[in-house]
Amino acid sequence: MHIRVPSDIEATFSAEIRKKRFRTNLILYPILVSAGSIFVLAKAHTIALLYRVLVSHGPENEGAPFWFFATVFASVALLVLWILVVLSRRSLLEEYLYCSRCEAFDFDEVGKCPCCGAQLNEKARFLFTFTDSEIEVAKRYGLTESRRA
Ligand SMILES: [Zn+2]
């Protein structure tokens with residue numbers, strides 16, 4: 001859902017949502033890294049091939065499998081971290097044309113209100129969310145879902 005965020009509370013509201021997302025990411029991070037590592041090791045044929053070439057047929061080295069899996073795990077951990085950082089640095093709010101009469105916004109960017117059809121030139125900023133905890137924060141600020149059509 002899209003929730004319109006008035007400019008006067010934008011800073012405090014955004015800060016609270018960012019804090020919430022950071023906490024969610026902290027919980028998600030080890031799960032994503034574990035799942036990603038298992039996925040890479042189980043599915044990627046090039047990784048399996050590399051393993052055979054470098055570890056199985058390489059020079060005798062008892063620590064090789066450990067270092068191979070550690071490298072895969074560390075690579076996935078860095079990749080997931082990078083994705084989470086990029087996502088969390090993105091702008092939290094999206095700007096759309098807005099009809100204050102209908103509490104509706106022009107998601108399809110056609111320049112008209114999806115409800116009353118009026119030509120729009122007023123812009124507003126919206127948070128896109130689908131998590132209950134963020135919707136709960138929005139409710140605390142008195143914000144509600146904006147209509148799309
Ligand atoms: Zn309208």
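Each value in this text was obtained by applying a stated rule to the coordinates, not by laboratory testing. Predicted, not measured: the structure shown is a model, and the values here were computed from it. Counting neighbours? That spans all protein chains shown, and the Cβs are built from the backbone with ideal geometry, glycine included.
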Q) Among the residues of region 99-122 satisfying the criterion of being part of a strand (DSSP E or B) and more than 30 Å from Thr24 (Cα to Cα), which is farthest from the ligand (Cβ to nearest atom)? A) Gln119
Q: Given the conditions (1) more than 16 Å from the ligand (Cβ to nearest atom); (2) surrounded by 12 or more Cβ atoms within 10 Å (Cβ to Cβ); (3) part of a strand (DSSP E or B), report the number of the one that Phe126 does not fulfil.
A: (1)
Q. Between a first residue in region 93-104 that is within 20 Å of Ile9 (Cβ to Cβ) and a second residue that is near the ligand (Cβ under 10 Å from one of its atoms) and among the acidic types (Asp, Glu), which pairs have beta carbons less than 8 Å apart while being 6 or more apart in sequence or on different chains?
A. Tyr96/Asp106; Tyr98/Asp106
Q. Say we look at region 75-92 and pick out the residues that are among the small types (Gly, Ala, Ser) and under 26 Å from Asp8 (Cα atoms); which of these is surrounded by the fewest Cβ atoms within 10 Å (Cβ to Cβ)?
A. Ser91
Q: May I ask you to verify whether Leu93 is in contact with a Leu (Cβ under 9 Å, 6 or more places away or on another chain) and within 28 Å of Asn25 (Cα to Cα)?
A: yes
Q. Do we find that Ala138 is of a type in the set (Gly, Ala, Ser), farther than 19 Å from Lys19 by Cα and surrounded by 15 or more Cβ atoms within 10 Å (Cβ to Cβ) in this structure?
A. no
